[in-house]
Amino acid sequence: MNKYGNRKAVVDGFEFDSKHEAERWIELRYMERAGLIYELQRQVPFVLIPKQVDEVTGKVIEREAKYIADFTYRDKKTHKLVVEDTKSKATKTKDYILKRKLMLYRHGLRIVEV
């Protein structure tokens, strides 16, 4: 059990942080097989703020900040990239909300919360 009370689940050889996330993976796989979506991926990283490097020494002074999407895929009709995150009220932290805003600002992508 993790800090939000979720139990990990394994589907298709992948470990998921929650049963809800694993169930959504199964749904998306069916959608992909039915030809509704394509390029389905899981745990896709997006850089929100690049690493900061000291100009003189070249030493990293701040690591990059990134958001890791639970799932991404393209909609067959629109061909637009869809970024999904499985969420409950407990997992909508201030950190997540800031990352959601940065995804829209930096990448022009709205996260679909399922």
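The values are calculated or read from the model by the stated rules, or taken from the named source; none is laboratory data. Note that the structure is predicted; figures quoted are calculated from it, not measured. No Cβ is skipped: glycine too gets one built from the backbone with ideal geometry, and neighbour counts run over all protein chains shown.
Scan the stretch 75-96 for residues that are over 14 Å from the mean Cα position of the chain (by Cα) and not in a loop (DSSP other than H, G, I, E, B) and the total you get is 4.
Remark: pairs (first residue in the stretch 30-50, on the phi < 0 side of the Ramachandran plot; second residue among the acidic types (D, E); Cβ separation under 7 Å; 6+ apart in sequence or on different chains) = I37/D75; Y38/E32; L40/E32; R42/D70; V47/E64; I49/E64; P50/E64. Suppose the filter is at pLDDT 95 or above and in contact with an Asp or Glu (Cβ under 6 Å, 6 or more places away or on another chain); does L40 pass it? Yes; evaluated as a whole, the condition is true for this residue. Comparison of K87, K92 shows that the only residue that is at pLDDT below 95 and under 19 Å from V11 (Cα atoms) is K87.
Per the listing K19, K8, the residue uniquely at pLDDT below 95 and in contact with a Ser or Thr (Cβ under 9 Å, 6 or more places away or on another chain) is K8. Within the option set T93, T86, being among the polar types (S, T, N, Q) and either surrounded by fewer than 15 Cβ atoms within 10 Å (Cβ to Cβ) or without any contact (Cβ under 8 Å) to a residue 60 or more places away in the chain (or both) holds for one residue only, T93. Taking strands (runs of 3 or more DSSP E) as the structural unit, those lying wholly within the stretch 1-69 and holding at least 1 residues that are surrounded by 12 or more Cβ atoms within 10 Å (Cβ to Cβ) correspond to 9-11, 14-16, 37-49.
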